[in-house]
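The values are calculated or read from the model by the stated rules, or taken from the named source; none is laboratory data. Bear in mind that the values here come from a model prediction, so they are computed numbers and not experimental data. Cβ coordinates were reconstructed from backbone atoms using ideal geometry, including for glycine residues, and neighbour counts include every protein chain displayed.
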Amino acid sequence: MAIATTTCGAGFTNALTTLAEAKAARIPLVLVTGTHPAAARPFDLNQSGMLDALGVCYLTASPSSALSDAHIAAELAAFLREPVVVQIPFDIQDSPLIDGGDTPKNIHLMETATSAHGASSAQHQRPLHNDGDTALDTPSATVEDVARLLLGARRPLIVAGRGVHLSGTADIVRSIGDSVGALFMHSAMARHVVDSPWELGTVGGFAHSWQHELARQADVVLVLGASLNAFQCRGGNMFGHDATIVHILDEPHPASLPASIRMFSDLEDILPVLRDLVAPDRLPARDSRDSSSWRAQLGSLDAHRPERIVESATCADGRLDPRACLQLLDQLLPQRRSVCTDGGHFLGWVPKFLDVPGPANQVIVGTAIQSIGMGLGSLVGVAAARPEDYCVLVAGDGGGMMGLADLGSAIASLNRGAIVFMNDAAYGAELHQYSQAGLDTSSMVIEDCDFAALGEAFSATGFTIRTEEDFALLRDYFAALSAEPQPGERAVAVIDFKISRSVVADFVKEVLAKK
Ligand SMILES: Cc1ncc(C[n+]2csc(CCOP(=O)(O)OP(=O)(O)O)c2C)c(N)n1
Ligand SMILES: [Mg+2]
């Protein structure tokens, strides 16, 4: 769990965007911050009002409650998977703790917050039910209905989200899929969670076109522990329009796609039951060797993977193709890696071309509230959480400049890692959308910033990569780097890829096509 601290007032307001993102993205963290004394001064801010507006839980500590407040904040953050703030009025900050103080206030807060989120201590006994928020939801589906649908499917697809990772049910999901001959996909936040040769890739906007085409052939799609948000549904276009969607997740969450069946259950409760219902020894399940099965028809997924997606690393304007840059990094970075991303147009390619080993190694920051600029700060957290990994941030030049105050901390916190700027000298996401609308985009063009020099100023090794020939600089650097970390080793690279604006990401094209 992340624990952060800021000073009261302006230090606290600097954390508001991050708190809003953590709340929307369901990231557990505790922020310990100062606040004003009971009698506020003219320059004090209404911090509690701001937290109320963001819907973020908070506790205001007193000498008698501070100890239990700290424990409860951490428990609450972990249980609800969201940020919790502990405010300490500065006039009591040097008061001694009073033991055995007033815990009842805090327990009440926990109950209130818990029931507000629809969870309860009897969570494991919760009956299966449908949320009924879409017209297609059936009134009383059971796990047997789900099993019947899967067994009757000709081309079943199972989509596993972060809920599968957090509940530790990936192996059960794989055996369900293997019993019915399914393909697997994962959400962007649950990279490779199901370890299978039949794993097709990331669901939603990060799917390559060949993966998307196969996913659209599925006749039954079982979505587990993923919210089915607009990104995952690719604006409603991810699956075939006549596919039957079955959606199981642990608690109600706004979904962007109607489901034939939508159930709320802890996955660790329902999935073993489903696995037994579709197991080959219990029912005549579809054998994956059966020549009519989808897997048999496909032969293997590798047979469908195009050999080359990017033809040339250099675009017509002489700048680099961003996809080729990420492909190069994918080949060069040590395998044991964690990759964190800022937001922007460039993000459309990162999960597509730069792979990571598993769900704990992919951190996509900012998308829950569509914010940029949090990448460098987040890298500090990734480096702290995964000190053995080669830790990477991929950011745009706009988001990079916005978060620049954190560049020094990010470099200092890394043992081995790279900060990669996909530098198109523009607020690309804005520029592509507004230029299509015929608007003046001059304010969206930004000076080509020299990130390598900035990195060198903070004692990293800086690389400016303008041409395909410059790729050799990176090849040499990574060839000299050991695959595994060495004791006391520090190797931090700041890589500035000068990329072209001529390659437009699918998600922008799809949004524009809809307008
Ligand atoms: C805090 C914040 N300010 C502004 C925006 C609007 N916005 C979204 S993408 C983007 C451009 C990002 O530019 P850059 O980091 O260079 O990435 P690119 O889109 O060029 O790949 C902007 C300004 C936002 N999402 N968040
Ligand atoms: Mg940019």
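Quick rundown of the values:
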quantity	calculated
Sole exception among (1) part of a helix (DSSP H, G or I); (2) at pLDDT below 95 for residue 452, by number	(2)
Test for residue 400: is it touching a residue at least 40 places away in the same chain (Cβ under 8 Å), within 13 Å of ligand 2 (Cβ to nearest atom), within 24 Å of the chain's Cα centre (by Cα) and not in a loop (DSSP other than H, G, I, E, B)	yes
Residue that is nearest to ligand 2 (Cβ to nearest atom) [pool: residues in the range 432-449 that are in a helix (DSSP H, G or I) and without any contact (Cβ under 8 Å) to a residue 60 or more places away in the chain]	444
Selected residue (only one of 73, 78 is part of a helix (DSSP H, G or I), touching a strand residue (DSSP E or B) at 6+ places or on another chain (Cβ under 7 Å) and modelled with pLDDT of 60 or more)	73
Scan of the range 267-282 for residues that are at pLDDT 95 or above and not in a helix (DSSP H, G or I), ordered by number	none
Condition met for residue 429 (of a type in the set (Gly, Ala, Ser) and either part of a loop (DSSP other than H, G, I, E, B) or more than 16 Å from ligand 2 (Cβ to nearest atom) (or both))	no
Hey, residue 253 modelled with pLDDT under 95 and out of contact with any helix residue (DSSP H, G or I) (no Cβ under 9 Å at 6 or more places or on another chain) or not	yes
Single residue of 303, 285 found to be at pLDDT below 95 and not in a loop (DSSP other than H, G, I, E, B)	303
Scan of the range 3-20 for residues that are in contact (Cβ under 8 Å) with a residue 40 or more places away in the chain, surrounded by 18 or more Cβ atoms within 10 Å (Cβ to Cβ) and in contact with a Ser or Thr (Cβ under 6 Å, 6 or more places away or on another chain), ordered by number	8
Qualifying residue in the range 411-419 (condition: over 17 Å from the mean Cα position of the chain (by Cα), in a loop (DSSP other than H, G, I, E, B) and more than 16 Å from ligand 2 (Cβ to nearest atom))	yes
Criterion (of a type in the set (Gly, Ala, Ser), touching a residue at least 12 places away in the same chain (Cβ under 8 Å) and either more than 15 Å from ligand 1 (Cβ to nearest atom) or out of contact with any strand residue (DSSP E or B) (no Cβ under 8 Å at 6 or more places or on another chain) (or both)) met by exactly one of 493, 453	493
Residue list for the range 344-383, restricted to those being in contact (Cβ under 8 Å) with a residue 60 or more places away in the chain, under 21 Å from residue 445 (Cα atoms), surrounded by 21 or more Cβ atoms within 10 Å (Cβ to Cβ) and not hydrophobic (A, V, I, L, M, F, W, C)	344, 345, 348, 373
Residues within the range 394-406 that are more than 9 Å from ligand 1 (Cβ to nearest atom) and crowded, with 23+ Cβ neighbours inside 10 Å, tallied	1
Residue in the range 363-381 that is over 17 Å from residue 464 (Cα atoms), part of a helix (DSSP H, G or I) and more than 15 Å from ligand 1 (Cβ to nearest atom) present	yes
Counted residues, the range 232-252 - those being more than 20 Å from residue 206 (Cβ to Cβ) and without any contact (Cβ under 8 Å) to a residue 60 or more places away in the chain	2
Check on residue 321, more than 20 Å from residue 474 (Cβ to Cβ), within 16 Å of ligand 2 (Cβ to nearest atom) and at pLDDT 95 or above	no
Qualifying position, being basic (Lys, Arg), farther than 23 Å from residue 338 by Cβ and either surrounded by fewer than 24 Cβ atoms within 10 Å (Cβ to Cβ) or within 16 Å of ligand 2 (Cβ to nearest atom) (or both), among 466, 386	466
